[in-house]
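Shown next, in structure tokens, is the structure this report addresses.
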Amino acid sequence: MMVRRLSRESEAYLKLLDGYLREADEALTKENFSQASEKLWGAAAEAVKAVAAVKGIELRGHRDLWEFVTELDKGRPEWDLLNLFQAANSLHMNFYENWLTPEAVARGANLLVTRAISDTFFFFL
């Protein structure tokens, strides 16, 4: 197995990711689903930024995130990264609209944490 040394930027993004996941868990426990949604979006975005930083790419906004995830998805379509990131974006929208049901937020949280963040993105690191 190849072990990569993480850049300071990647380490910073991963630290933020960890904090967002803890905050999302707290918000879910308190049934604050809009806040949990935003923290989950933040965690997904930080995971993408961490992968980009390992590759020497700086992402500055939402468009950059989407373009980078789209390119990753082309390289590994079996991981369904684009659909996973769309799920994260749905959670981001929920922060503003608060239209998702608690079950939808919980399912989105499970999907992002188990597939997008824990398994898939860390393959790239």
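The values are calculated or read from the model by the stated rules, or taken from the named source; none is laboratory data. Model, not experiment: these values are computed from the prediction. Every residue, glycine among them, receives a Cβ derived from its backbone with ideal geometry; neighbour counts consider all protein chains shown.
A few remarks follow.
- Residue that is out of contact with any Phe, Trp or Tyr (no Cβ under 9 Å at 6 or more places or on another chain) and of a type in the set (Asp, Glu), where the choices are 67, 38: 67
- Looking across region 63-91 at every residue that is touching a residue at least 24 places away in the same chain (Cβ under 8 Å) and crowded, with 19+ Cβ neighbours inside 10 Å, the one that is farthest from the chain's Cα centre (by Cα) is identified as 72.
- Scanning region 47-62 for residues that are buried (at least 17 other Cβ atoms within 10 Å of the Cβ) and either aromatic (Phe, Trp, Tyr) or not in a helix (DSSP H, G or I) (or both) yields a single hit, 59.
- The residues listed here are 118, 90; of these, the one that is of a type in the set (Ser, Thr, Tyr) and either at pLDDT 95 or above or more than 18 Å from residue 18 (Cβ to Cβ) (or both) is 90.
- Test: residue in region 29-39 that is surrounded by 16 or more Cβ atoms within 10 Å (Cβ to Cβ) and β-branched (Val, Ile, Thr): no
- Considering the conditions (1) modelled with pLDDT under 95; (2) under 14 Å from the mean Cα position of the chain (by Cα); (3) of a type outside the set (Lys, Arg), residue 7 is excluded by exactly one of them, (2).
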